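Notes follow the structure.
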Amino acid sequence: MSEERAEKDGGATAMRDCWSCGTAVAMRAPFCHACGVIQAPQPVDHFTRLNLPARFDLQMADIERQYFGLQRYFHPDRFAAKPARERALSSQHATDLNEAYAVVKDPLRRAEYLLVLKGRPVQGDACSTISDPRVLLEAMEMREELAEAQSATEIEGIIARVEGECEAVLDEVADAFAREAFDLAGRHCIRLRYLTKLAAEAHERRARLEA
Amino acid sequence: MQILEIHEPGETPLPHAEERRPAVGIDLGTTNSLVALSQDQKPEVLCDPDGSAMVPSVVAYPETGEVLVGELARRHLLEEPDLVVSSIKRLMGRGPDDLKRLAGTLPFELEPAEDGRMVRLRIGARRLTPVEISADILRALKARAERALGREIDQAVITVPAYFDDAARTATRDAARLAGLEVLRLVNEPTAAALAYGLDQGAEGLYAIYDLGGGTFDVSILRLEKGVFQVLATGGDAALGGDDFDHAIAERFLAERARQLGAEKLSVAATKQALVTARLAKECLTDRTQGEWVLDLDGRTSRHRLDAGSFEALVAPLVERTIATAKRVLFDARLKPQDVRGVVMVGGSTRVPLVRRKVAELFGREPLANIDPDQVVALGAALQAEALTHGSDTLLLDVTPLSLGIETMGGLVEKVIHRNSTIPVARAQEFTTYQDGQSAMLIHVVQGEREMARQNRSLARFELRGIPPMVAGAARIRVSFAVDADGLLTVSAEEKTTGVAAHVEVKPSYGLTEEEMAAMLRESMEHAREDMEARLLAEARVSADRVLLALRGALRADGGLLDGAERDAIDAAVAKLERSKEGEDRGAIQDAIEELDRATQDFAARRMDRNIAAALKGVSVDQLGRKTGSGE
Ligand SMILES: Nc1ncnc2c1ncn2[C@@H]1O[C@H](COP(=O)(O)OP(=O)(O)OP(=O)(O)O)[C@@H](O)[C@H]1O
Ligand SMILES: [Mg+2]
Ligand SMILES: [Zn+2]
């Protein structure tokens, strides 16, 4: 995104020169300790960005505390009176924080992202790659049921059931991560994906029925 | 100016006036505009000398060449409707295609639009774009603020409907630039309202803001918590508001009229008059159950009765549309109506009883209107202006209202940034070529929720050229979208295997070109010089009046201190000032004021001595300073 991004990735002690005053500043420091000016964000993973441990069982309250707390420092509204370069850097930080928050707060996206970090990415997208025949059957049946549902009550029944399933699968995902059974977690994720998609479709149909 | 010092100490500006540079908040509305200033988190609307807060968003361009804004312009509406423009916000960022859709419903005379150019209005001999007309309103607001604060203002936060697309936002920013205002931030109207409401009422929890104004409708859901204002979802209609209620009534009246008087071809001016009457009828029916109105158009008169029930039947479909949108936004936020702790009503059209009933019905609670629904947006804008210039503890997290994407094969849209993403946001997507040896790729950026590109708003088209010959599907073209904190989009594209790049700040298809903008800036600078001259002249006259007034009072009270010759000298200086005041020469007025000042110096000193002597009789020494400092 910025030219600084291309700088070599550093360890804990890696340094770079502050773009404003030239002082050597720790790579990870977002502000220069000498002149206080904002530095370019580093290419780190979403958990590190939010200063959270890279794990699945995170509390929403903790995620939000970190996100809001960091945005209070970096949001462009804090830099409106600053020179253009500082405004642009703040915007980059805020953009990265928004992206990190969007991924980490959503359990499914968080799980899939963690699996990428662990080097075990879930393959394919949406329902195109359900290989487990039992899951495939379940998916087809549910979809048919939704297609045939006529009344709002019927659809609401499906929504309740699908959302209940989602909760249950999430527990299993959490359990798999706790045991570091990443492949199992990945399989649960595939099921969670289509359940989530189905729930969204059901909500959508429910909303259309009302309109 | 010793005379003044003795008589009007309170009127001279305080020596320790604000040192920090103030930035104002502006609600640039379809019907009414306001300007407000916040100091120490206490926002206040800046009123004109006779105390009115709202400036009607009406501009008149009389043949004399001057530009009138607000109440003055509105008075021209009935006399010279051809030369008066209202509701111009509805045309901001609109292109000829949009106008074809709106054709017949707009009381504007449009210049046949050239391809890809911004529309122009025909007003008497002038041809003006919506951006220029909006700039005239902004100039008037700027002048009002400068008059109220006694100093120059060049920075502002300006609010826009949350549902404004990129073209309309860009047009608003351009208008501000023309008016000589730096836009610190474009803030969404419902978000500004939430800020004012939340900070004033200390509200915490989930709130819905329902904003139905003159021309636009927005509904936003926010979470307010410990100083964080987080927009969860927003939706609306940039072309739905009180104006449409007026149209519905006017159409009914005109249909009745056609039955009474036979078909007629009404002039644009007559249509404007019918709309004014319709608005009157609508506003009356908020408090009354029925009434009768007269249309006197093109020299023929017709009478029309309307009761509240029929009015509600007329506008029910429009109100239903807002309720459907509110439901949609709740759905997007994954919330049920009962999850919302309060519904804040914003905008003049929320006074319509049917609107209140329907909103109350949806949310299962009475809506809130603790803050004046006409002012709350401007107050929020002022708070944000203060926060941006002087710092603040609150955090405003807003979203982009509409999805942004790219046209792909078959005219379909591939979404790159989804609606309700928190801004600033950046996303990239890879595309590829579909022909062997394809050396260029047209990138068509669209905004909206529909599946086909042509059903959405076209924002920009640009071409990535110089792609080296490859087989179809081998090129990797990465298109990056970034939406900044103002909600404005920038797009860039790069071919990853070779690094061929293109970068555009999206200039909406119907936006102003840089050349047009430059020409307008030049022109407005010339006007600004004329305006400045006129203002300085007016100010000189005002100071002359003040001096003369003060002197007359002094002569009445202490004229006895002067002998005949002294009195004659002063009278001569007064006569000279009065003469020069009638002229157009600012320098002459200034000189006459100074001359009068010199002629009255002895008199002022004698009065001072006498006042002190008089004061000393009954006043202790330590009270003396205060007493003399404050004059009589
Ligand atoms: N008492 C009333 N009853 C009904 N409608 C009213 C009343 N008072 C004002 N209105 C309507 O409110 C509208 C103006 O509202 P407001 O000033 O909030 O709009 P705006 O901010 O200029 O527009 P927007 O926010 O859409 O750009 C007009 O259509 C006006 O007729
Ligand atoms: Mg408004
Ligand atoms: Zn530094």
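Data table
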{"read-out": "Computed P(r) (all Cα pairs; the protein assembly as shown; 20 Å bins; percent)", "value": "12, 39, 32, 13, 3, 0"}
{"read-out": "Accessible-area ranking of B:W293, A:W19, largest first, probe 1.4 Å", "value": "A:W19, B:W293"}
{"read-out": "For the stretch B:121-246: Kirkwood Rh in Å [reciprocal of mean 1/r, alpha carbons]", "value": "16.2"}
{"read-out": "A:E154 paired with A:A102, simple spin-label distance in nm, labels 7 Å along Cα-to-beta-carbon", "value": "3.6"}
{"read-out": "Descending semi-axes in Å of the stretch B:296-364, equivalent ellipsoid built from Cα gyration tensor", "value": "34, 12, 11"}
{"read-out": "Antiparallel content of DSSP bridges confined to chain B, in %, to 5", "value": "80"}
{"read-out": "Given charges at beta-carbon only (K, R positive; D, E negative), |dipole| of the protein assembly as shown in Debye", "value": "940"}
{"read-out": "Crossing angle, helix B:376-390 versus chain B [Cα axis fit, 0-90 degrees, rounded to tens]", "value": "80"}
{"read-out": "Listed residue pairs exceeding 27 Å between alpha carbons, taken from B:K272/B:K327; A:K82/B:K415; B:K89/B:K282; A:K105/B:K226; A:K197/B:K327; A:K82/B:K496", "value": "B:K272/B:K327; A:K82/B:K415; A:K82/B:K496"}
{"read-out": "DSSP beta bridge pairing in the stretch B:136-277, given as percent antiparallel to the nearest 5", "value": "75"}
{"read-out": "For the stretch A:23-129, alpha-carbon Rg relative to the globular expectation (2.2 N^0.38 Å, N residues)", "value": "1.23"}
{"read-out": "Centroid-to-centroid separation of the stretch A:142-211 and the stretch A:20-62 [C-alpha atoms, Å]", "value": "36"}
{"read-out": "Centre separation in Å (Cα based) which lies between the stretch B:169-214 and the stretch A:83-105", "value": "22"}
{"read-out": "Cβ-placed point charges (K, R +1; D, E -1), dipole of chain A about Cα centre in debye, nearest 20", "value": "1040"}
{"read-out": "Under 16 Å from B:K42, Cα to Cα: aspartates and glutamates that are on another chain or at least 8 residues apart", "value": "B:E18, B:D200, B:D372, B:E386, B:D393"}
{"read-out": "Projected area, mean over directions - chain B, Cα convex hull, nm²", "value": "36.8"}
{"read-out": "Residue (of B:A544, B:V183, A:G164) at the positive-pole extreme of the protein assembly as shown, dipole from beta-carbon charges", "value": "A:G164"}
{"read-out": "For A:91-99, mean number of other protein chain Cβ atoms within 10 Å", "value": "5"}
{"read-out": "Accessible surface of the protein assembly as shown [probe 1.4 Å, protein heavy atoms]: carbon and sulfur percent", "value": "51"}
{"read-out": "Crossing angle, helix B:166-178 versus chain B [Cα axis fit, 0-90 degrees, rounded to tens]", "value": "20"}
{"read-out": "Heavy-atom accessible surface that A and B bury in contact, both chains counted, 1.4 Å, Å² to 100", "value": "2000"}
{"read-out": "Stokes-Einstein diffusion coefficient of the stretch B:251-296, Kirkwood radius over Cα pairs, 20 °C, 1.002 mPa s, in µm²/s", "value": "188"}
{"read-out": "DSSP loop trypsin sites (Lys or Arg not before Pro) with at most 13 other Cβ within 10 Å: longest gap in chain B", "value": "B:497-632"}
{"read-out": "Folded to 0 to 90 degrees: helix B:130-149 orientation relative to chain B principal axis, Cα", "value": "30"}
{"read-out": "Alpha carbon centroid spacing (whole Å) that separates the stretch B:386-416 from the stretch B:220-269", "value": "26"}
{"read-out": "For the protein assembly as shown, with +1 on Lys and Arg beta carbons and -1 on Asp and Glu, the positive-most of A:A174, B:Q230, B:G205 along the dipole", "value": "A:A174"}
{"read-out": "Dipole of the stretch B:22-176, positive direction: furthest Cα of B:P43, B:Y163, B:G124, with charges on the beta-carbon", "value": "B:Y163"}
{"read-out": "Largest to smallest accessible area among B:D166, B:D597, A:D17 [probe 1.4 Å]", "value": "A:D17, B:D597, B:D166"}
{"read-out": "R0 of 35 Å, Cβ-Cβ distance B:R450-B:L110: FRET efficiency to nearest 0.05", "value": "0.85"}
{"read-out": "Residue-level accessible surface for B:D372, protein heavy atoms, 1.4 Å, Å²", "value": "60"}
{"read-out": "Point-charge dipole on Cβ atoms (K/R +1, D/E -1) for the stretch A:38-138, about Cα centre, debye to 20", "value": "400"}
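The values are calculated or read from the model by the stated rules, or taken from the named source; none is laboratory data. Worth saying up front: this structure is predicted, and the values here are computed from it rather than measured. Using ideal geometry, Cβ is built from the backbone for each residue, glycine included, and neighbour counts are taken over all protein chains shown. For accessibility, only protein heavy atoms count, side chains too; no ligands or nucleic acids. Shrake-Rupley method; radii C 1.70, N 1.55, O 1.52, S 1.80 Å.
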